[in-house]
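Enquirer: Handing you a structure now.
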Amino acid sequence: MPDAPGLELIRGEIEAAHPGAVLDTGFAQGRAVLSIDPIHVLPVLTWLRDAPGQGYRFLSSLHAADYLPGEPRFAVHYELLNRDRVERIRVKALLADPGADSLPEIDSCVEMFPTAEFQEREVFDFFGIVFKGHPDLTRILLPEDYVGWPQRRDFPVGGEPVTFTYNEKNYG
Amino acid sequence: MAEQFLSEDRTSEVMTVNMGPHHPATHGVLRLVVDLEGEVVRDLKPVIGYVHTGIEKSCEDKSYWKVIPFVERMDYVSFFFQMEAYCGAVERLVELEIPERAKYLRVIFLELNRIHSHLVWLGTTALDLGAISMLWYCFRERDRILDLFEMATGQRMHTRYFQVGGVIEDIPIGFEKKLREFLADMPVRVEQYQALLDRNEVFLSRTKNTGIVSRERLLELGVTGPLLRAAGEPWDLRKAFDYLAYPKFDFKVPVGTIGDNYDRYRVRVAEMVESVRIIEQALDGLPEGPFIADDRKYVLPPRSELSTSMESLIHHFKLVTEGYRVGPGEIYYAIESPRGELGCFVLADGSAKPARVHFRDPSFVNLQAFKDMSIGGYIADMIASLGMLDPILGGVDR
């Protein structure tokens, strides 16, 4: 893992290339975290992958979290891995909630990391985060006609009624 | 009429065929929409989600210690790995160091689970390829592993043996003897499996040079585990990262050469033998001492103290009713499961329940490579590739 000063160096270099991209850095449980503005997600990921001395070429995991009642509400996490130096870094793209009528949006990284295809679909499926430029952004685990974003914190556990064909036929 | 029917070039017509979700060769409820030109696969789309049970959402409503049996049931063949990913993540969040003996015990059970998982894979995949007797031989050895699990933990599967802080109880008397007998037999059994398959003409012609995907493409697709190693990339999180007691053991990382289905088979079979070696070393070096951390904030006090110590009783009551609280933070902890990188992301918001538990399941990510493995090959090879991919649909859908 890059240590705390190393992380600040990375931040400085990204700031020089893309002003305003890095919002915050953090270092907790031995893991470097780079919080970024979602507009700059592709340039930052590209920089971390291609800049000399970086080489975070492997996207281990892409997932999202809902920080309700925190602000900004959502974050898409990119767990990047440099397999040569065995270093991980987490890039967190912070996304504000645009309100009940529209969905938060972020650029898709499928072209850079083909592994993100299923994982972005999963995030869309459960959080309603739209990945612009994704080749096939549809629900992946839930039924196509499902309404709602169940992994959001304001979606209640048990919000899904259990329907059995038997109940539907006889009591529905 | 009949003449016109016969003269049609029927191989150039693309036909879309639906396979599954209830097809015995899909190893679970996986649906495949396959475009076929004759018998050649031209396009393929896996459709998943048929066993999605919302485990990640349910975990948000459970206190930390009650999440453990839930996550075990995601990838139901490698339950110890699911437990380790979750417990390890929480331990790192609360910065709880687990005792040396617990680390060794965890390694023993993880590696037994790896052998168990590979045996299930070998039996079912060989069955798909027509080698029916393999299933009985593999499940015979698998049953001995399940007996060992039952002896130590009380359950054959989904054991809930790992706890945050260590393991729930020490191994019983007689366990070591029984385990050593198994370890002595297992390499011989592996040789027998190889004797049955390695010179079997049908098996060889169906696995050699089928389902090849290059190493670079696999890395792009995020594929890890035996699939990646079969393509010649010696990437194993047990070697790369320092977790549990793995740095103390001497073991090899088997790799393949071209990454066809035969290499995938060879790598997994060789891994079973390496796992046996790890368990032997762990048993030989098993240190004495406590098997669970002595931090009453997170770990249940010993049963014997409950009748004598009021303080222990209070701790016990607090832990069982509300559970422990975890300060705000988030962690991603990844281990090497039988299928690749199994990552667990836990977000804590300061309460006694996790705000998010997410699993980066290797089957889910590896499944994306299935299209590359199958396109351009015969539909029969597609079945072989799916078996060698070894997806567990419970883990894919969660």
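Enquirer: Give just the number: which of (1) over 18 Å from the mean Cα position of the chain (by Cα); (2) under 24 Å from B:PRO24 (Cα atoms) does B:ILE115 not satisfy?
Expert: Of (1) over 18 Å from the mean Cα position of the chain (by Cα); (2) under 24 Å from B:PRO24 (Cα atoms), only one is false for B:ILE115: (1).
Enquirer: Is there any pair linking a residue in the stretch A:97-121 that is closer than 14 Å to A:PRO38 by Cβ to one that is of a type in the set (S, T, N, Q), with Cβ under 7 Å and at least six apart or on different chains, and which?
Expert: A:GLU120/A:SER108
Enquirer: When the residues of the stretch B:151-171 are narrowed to those that are touching a residue at least 12 places away in the same chain (Cβ under 8 Å) and more than 21 Å from B:ALA293 (Cβ to Cβ), which ends up surrounded by the most Cβ atoms within 10 Å (Cβ to Cβ)? Even if it seems obvious, please write down each step before you answer.
Expert: Of the stretch B:151-171, the ones touching a residue at least 12 places away in the same chain (Cβ under 8 Å) are B:151-153, B:157-171.
After this cut, where a residue has to be more than 21 Å from B:ALA293 (Cβ to Cβ) as well, the list is B:151, B:157-158.
On the way: B:MET151: 15, B:MET157: 15, B:HIS158: 18.
If we take residues in the stretch B:151-171 being touching a residue at least 12 places away in the same chain (Cβ under 8 Å) and more than 21 Å from B:ALA293 (Cβ to Cβ), then B:HIS158 is surrounded by the most Cβ atoms within 10 Å (Cβ to Cβ).
Enquirer: Which residue, of B:ASP397, B:ASP390, B:ASP349, B:ASP381, is acidic (Asp, Glu), touching a strand residue (DSSP E or B) at 6+ places or on another chain (Cβ under 7 Å) and either crowded, with 19+ Cβ neighbours inside 10 Å or modelled with pLDDT under 90 (or both)?
Expert: Working: B:ASP397 fails: touching a strand residue (DSSP E or B) at 6+ places or on another chain (Cβ under 7 Å); B:ASP390 fails: touching a strand residue (DSSP E or B) at 6+ places or on another chain (Cβ under 7 Å); B:ASP381 fails: touching a strand residue (DSSP E or B) at 6+ places or on another chain (Cβ under 7 Å).
After ruling out the rest, the residue left standing is B:ASP349.
Enquirer: Enumerate the helices (runs of 4 or more DSSP H) found wholly within the stretch B:1-96, keeping only those where 3 or more residues are modelled with pLDDT of 85 or more, within 14 Å of chain A (Cβ to nearest Cβ) and closer than 20 Å to B:ARG160 by Cβ. Step through it out loud before you land on a result.
Expert: On the way: elements: B:2-7, B:55-59, B:64-72, B:79-94.
It comes to B:55-59, B:64-72, B:79-94.
Enquirer: Every residue in the stretch A:86-103 that is more than 10 Å from chain B (Cβ to nearest Cβ), farther than 20 Å from A:PRO135 by Cβ and not in a strand (DSSP E or B), please.
Expert: A:ALA96, A:ASP97, A:PRO98, A:GLY99, A:ALA100, A:ASP101, A:SER102, listed by residue number.
Enquirer: Take residues that are within 14 Å of another protein chain (Cβ to nearest Cβ) and on the phi < 0 side of the Ramachandran plot and tell me which of the helices (runs of 4 or more DSSP H) falling wholly in the stretch B:196-260 contain 3 or more. Give the derivation first.
Expert: On the way: elements: B:201-207, B:215-220, B:226-230, B:237-240.
Per the criteria, B:215-220, B:226-230, B:237-240.
Enquirer: For the stretch B:249-304, name all the residues that are crowded, with 19+ Cβ neighbours inside 10 Å, of a type in the set (Lys, Arg) and over 27 Å from B:GLU181 (Cβ atoms).
Expert: B:ARG264
Enquirer: Please work out which residue is nearest to B:LYS57 (Cα to Cα), limiting yourself to the stretch A:149-172 and to residues that are at pLDDT 85 or above and more than 9 Å from every other protein chain (Cβ to nearest Cβ).
Expert: My answer is A:ARG152.
Enquirer: Restrict the check to the stretch B:138-150 and report whether at least one residue is part of a loop (DSSP other than H, G, I, E, B), surrounded by fewer than 18 Cβ atoms within 10 Å (Cβ to Cβ) and free of Cβ contacts under 8 Å to residues at least 24 places away in the same chain.
Expert: Within the stretch B:138-150 (the criterion being part of a loop (DSSP other than H, G, I, E, B), surrounded by fewer than 18 Cβ atoms within 10 Å (Cβ to Cβ) and free of Cβ contacts under 8 Å to residues at least 24 places away in the same chain), the answer is no, since none of the residues qualifies.
Enquirer: Consider B:ASP263 against the criteria (1) free of Cβ contacts under 8 Å to residues at least 40 places away in the same chain; (2) in a loop (DSSP other than H, G, I, E, B); (3) not small (Gly, Ala, Ser): it satisfies all of them except one. Which criterion is unmet?
Expert: (2)
Enquirer: Considering each residue of the stretch B:173-183, count those that are in a helix (DSSP H, G or I) and aliphatic (A, V, I, L, M), and give that number. Spell out how you get there, then give the answer.
Expert: Within the stretch B:173-183, the subset in a helix (DSSP H, G or I) is B:175-183.
Next cut, aliphatic (A, V, I, L, M) only: B:179, B:183.
Residues flagged as in a helix (DSSP H, G or I) and aliphatic (A, V, I, L, M) within the stretch B:173-183 amount to 2.
Enquirer: Still on this structure: I'd like the residue in the stretch A:8-38 that is without any contact (Cβ under 8 Å) to a residue 40 or more places away in the chain and among the aliphatic types (A, V, I, L, M) and, out of all such residues, is surrounded by the fewest Cβ atoms within 10 Å (Cβ to Cβ).
Expert: First, pick out the residues of the stretch A:8-38 that are without any contact (Cβ under 8 Å) to a residue 40 or more places away in the chain: A:8-9, A:11-22, A:24-30.
Still in the list and also among the aliphatic types (A, V, I, L, M): A:9, A:14, A:16-17, A:21-22, A:28.
On the way: A:LEU9: 12, A:ILE14: 21, A:ALA16: 8, A:ALA17: 12, A:ALA21: 19, A:VAL22: 21, A:ALA28: 14.
The qualifying residue surrounded by the fewest Cβ atoms within 10 Å (Cβ to Cβ) is A:ALA16.
Enquirer: I'm trying to understand the selection: among the residues of the stretch A:138-155, which are within 22 Å of A:THR115 (Cα to Cα) and crowded, with 18+ Cβ neighbours inside 10 Å?
Expert: Once the filter is applied, which keeps residues that are within 22 Å of A:THR115 (Cα to Cα) and crowded, with 18+ Cβ neighbours inside 10 Å, the stretch A:138-155 yields A:ILE140, A:LEU141, A:LEU142, A:GLN151.
Enquirer: Does at least one position in the stretch A:30-52 carry a residue that is assigned to a helix (DSSP H, G or I), more than 9 Å from every other protein chain (Cβ to nearest Cβ) and touching a Pro at 6+ places or on another chain (Cβ under 7 Å)?
Expert: Filtering the stretch A:30-52 down to residues assigned to a helix (DSSP H, G or I) leaves A:38-50.
Next, from what is left, pick out any that are more than 9 Å from every other protein chain (Cβ to nearest Cβ): A:38-50.
This time we only want the ones that are touching a Pro at 6+ places or on another chain (Cβ under 7 Å), so: none.
No, the stretch A:30-52 has no match at all.
Enquirer: Taking B:MET186 and the conditions (1) within 30 Å of A:THR115 (Cα to Cα); (2) out of contact with any Phe, Trp or Tyr (no Cβ under 7 Å at 6 or more places or on another chain); (3) not in a loop (DSSP other than H, G, I, E, B), which numbered condition does it fall short on, given that it satisfies the others?
Expert: Evaluating B:MET186 over (1) within 30 Å of A:THR115 (Cα to Cα); (2) out of contact with any Phe, Trp or Tyr (no Cβ under 7 Å at 6 or more places or on another chain); (3) not in a loop (DSSP other than H, G, I, E, B) leaves (1) as the failure.
Enquirer: Check A:GLY20 against each of (1) assigned to a loop (DSSP other than H, G, I, E, B); (2) touching a Gly at 6+ places or on another chain (Cβ under 6 Å) and name the one condition it does not meet.
Expert: Just one mismatch for A:GLY20, condition (2).
Enquirer: Also, I was wondering about something else. Looking at the stretch B:181-216 only, could you name the residues that are hydroxyl-bearing (Ser, Thr, Tyr) and surrounded by fewer than 18 Cβ atoms within 10 Å (Cβ to Cβ)? Give the derivation first.
Expert: Restricting attention to the stretch B:181-216, the residues satisfying the condition of being hydroxyl-bearing (Ser, Thr, Tyr) are B:193, B:205, B:207, B:210, B:214.
B:SER205, B:SER214 - these are the residues of the stretch B:181-216 that are hydroxyl-bearing (Ser, Thr, Tyr) and surrounded by fewer than 18 Cβ atoms within 10 Å (Cβ to Cβ).
Enquirer: Just a yes or no: is a residue in the stretch B:127-138 under 26 Å from B:PHE359 (Cα atoms) and either out of contact with any Pro (no Cβ under 9 Å at 6 or more places or on another chain) or charged (D, E, K, R) (or both)? Give the steps one after another, and end with the answer.
Expert: Initially, the stretch B:127-138 is screened for residues under 26 Å from B:PHE359 (Cα atoms), giving none.
No, that holds for no residue.
Enquirer: Next question. Name every residue in the stretch A:104-118 that is within 14 Å of chain B (Cβ to nearest Cβ) and either in a loop (DSSP other than H, G, I, E, B) or of a type outside the set (A, V, I, L, M, F, W, C) (or both), in order of residue number.
Expert: Applying the first criterion (within 14 Å of chain B (Cβ to nearest Cβ)) to the stretch A:104-118 yields A:109-118.
The answer is A:CYS109, A:VAL110, A:GLU111, A:MET112, A:PHE113, A:PRO114, A:THR115, A:GLU117.
Enquirer: With B:GLU336, B:GLU330, B:GLU341 as the choices, which residue is in contact with a strand residue (DSSP E or B) (Cβ under 9 Å, 6 or more places away or on another chain) and over 16 Å from A:LEU62 (Cα atoms)?
Expert: Details: B:GLU330 fails: over 16 Å from A:LEU62 (Cα atoms); B:GLU341 fails: over 16 Å from A:LEU62 (Cα atoms).
Only one candidate passes the filter, namely B:GLU336.
Enquirer: Name the residues in the stretch B:287-301 that are of a type in the set (D, E, K, R) and under 20 Å from B:GLU311 (Cα atoms), would you?
Expert: Residues of the stretch B:287-301 of a type in the set (D, E, K, R): B:288, B:294-297.
Once the filter is applied, which keeps residues that are of a type in the set (D, E, K, R) and under 20 Å from B:GLU311 (Cα atoms), the stretch B:287-301 yields B:ASP294, B:ASP295, B:ARG296, B:LYS297.
The values are calculated or read from the model by the stated rules, or taken from the named source; none is laboratory data. Model, not experiment: these values are computed from the prediction. Reconstructed Cβ throughout: ideal geometry from the backbone, glycine too, with neighbour counts over all protein chains shown.
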